[in-house]
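Reviewing the structure listed below.
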Amino acid sequence: MKTSTLLTAGLLATAAVAAPLTEKRAAAKAARLARRGENRKSNPPLKPGTNEAINLTGAKDTEYSSNWAGAVLVGTGYTAVTAEFTVPTPSVPSGGSSREQYCASAWVGIDGDTCDTAILQTGVDFCIEGSTVSYDAWYEWYPDYAYDFSGISISAGDVIKVTVDATSKTAGTATVENVTKGTTVTHTFSGGVDGDLCEYNAEWIVEDFEEDDSLVPFADFGTVTFSSASATKSGSSVGPSGATIIDIEQNNEVLTSVSTSSSEVVVTYV
């Protein structure tokens, strides 16, 4: 009886400690999501150490940016981009603090480089703070902010298919499909956007995105492989082979390594 009483008291004490921590995490996430529409956004690729956008010409095989790593096709007539990737488990980078949150984002998009008026994009953020990992699926028509999808859950190891499709220069769709769990969410843009697409670029990108007007601390995301990667160019399907590669460089250190093939873009944190 005494043992049972002590065990019960211990369990209640544990629950009392765990509940406030759980509530605190939930409240923190809710607060972050509530202000996400005001604070979280992607940017065009920026020259390392500056707020100046890079305008790719396609003449170089590799460029360096402070926030984009991946592959960019440069041309005309790009109206859709798609790919699949397996959701990684992010980790705190070497020398990082377990008390700070680190994030990265994997997405596909149209424009944002040689077109500086808009980006139609969708993808998944992955963040780690201490031992807590979180994922958010989102859509964005830059220069407006990113907005979270509801009705979809994402876990490490899930296969995600991301697709953007422009039906005009001011309308289109952003779709995230969790292939593993069998759920799909779509947002339709039907005009009234902040900027017109040019249909000059197709992209498969891992990004260090912006929050509160500065880049978030960049997570070690391991490797993101965009498979079944393709874009629609003037009605025909094309792959990322021959795209300009962008690697992330911060504080004079190159943090990523990117390679492409006819249907894949592989982005690795180094």
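The values are calculated or read from the model by the stated rules, or taken from the named source; none is laboratory data. These numbers come from a predicted model, not from an experiment. All Cβ positions, glycine included, derive from the backbone under ideal geometry; neighbour counts span all protein chains shown.
Here the condition is being under 15 Å from the mean Cα position of the chain (by Cα) and over 18 Å from I128 (Cα atoms); of V265, V224, it holds for V265 alone.
Here D194 meets the list (1) at pLDDT 95 or above; (2) under 24 Å from T173 (Cβ atoms) almost entirely, failing just condition (1).
Conditions (1) part of a strand (DSSP E or B); (2) over 18 Å from Y269 (Cβ atoms); (3) modelled with pLDDT of 85 or more, marked per residue:
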residue	(1), (2), (3)
T3	no, yes, no
L11	no, yes, no
A16	no, yes, no
A19	no, yes, no
A31	no, yes, no
G58	no, yes, no
P88	no, no, yes
S105	yes, no, yes
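State all residues of segment 126-158 that are crowded, with 22+ Cβ neighbours inside 10 Å and in a loop (DSSP other than H, G, I, E, B); if no residue qualifies, say none. A146, the sole residue that qualifies.
Put simply, of S257, S237 the only residue that is under 16 Å from A106 (Cβ atoms) and without any contact (Cβ under 8 Å) to a residue 24 or more places away in the chain is S257.
Residues are listed down the side, and each one gets a yes or a no for (1) under 16 Å from G112 (Cβ atoms); (2) touching a residue at least 40 places away in the same chain (Cβ under 8 Å); (3) not aliphatic (A, V, I, L, M):
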site	(1), (2), (3)
A166	yes, yes, no
A171	no, no, no
A174	yes, yes, no
V179	no, yes, no
G182	no, no, yes
V185	no, yes, no
S190	no, no, yes
D194	yes, yes, yes
C198	yes, yes, yes
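When restricted to residues that are under 16 Å from F226 (Cβ atoms) and either hydroxyl-bearing (S, T, Y) or touching a His at 6+ places or on another chain (Cβ under 9 Å) (or both), segment 126-173 contains 1.
For L120, the conditions (1) part of a strand (DSSP E or B); (2) closer than 21 Å to P88 by Cβ; (3) hydrophobic (A, V, I, L, M, F, W, C) all hold with the exception of (2).
This table checks each residue for (1) over 20 Å from A53 (Cβ atoms); (2) out of contact with any Lys or Arg (no Cβ under 9 Å at 6 or more places or on another chain); (3) surrounded by 20 or more Cβ atoms within 10 Å (Cβ to Cβ); (4) not acidic (D, E).
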residue	(1), (2), (3), (4)
W204	no, yes, yes, yes
D220	yes, yes, no, no
V224	yes, yes, yes, yes
A229	yes, yes, yes, yes
K233	yes, yes, no, yes
S236	yes, yes, no, yes
T268	yes, yes, no, yes
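Taking segment 238-266 as the range and being surrounded by 15 or more Cβ atoms within 10 Å (Cβ to Cβ) and within 19 Å of N43 (Cα to Cα) as the test, the residues that pass are T244, I245, I246, D247, I248, E249, Q250, L255, T256.
Applying a threshold of 6 Å to beta carbon distances and a minimum spacing of six or more residues, or different chains, the list of pairs starting in segment 39-60 at a residue that is closer than 19 Å to W141 by Cβ and ending at one that is at pLDDT below 85 reads N39/D212. Once segment 73-125 is narrowed to residues that are aromatic (F, W, Y) and closer than 22 Å to S241 by Cβ, the residue that is surrounded by the most Cβ atoms within 10 Å (Cβ to Cβ) is W107.
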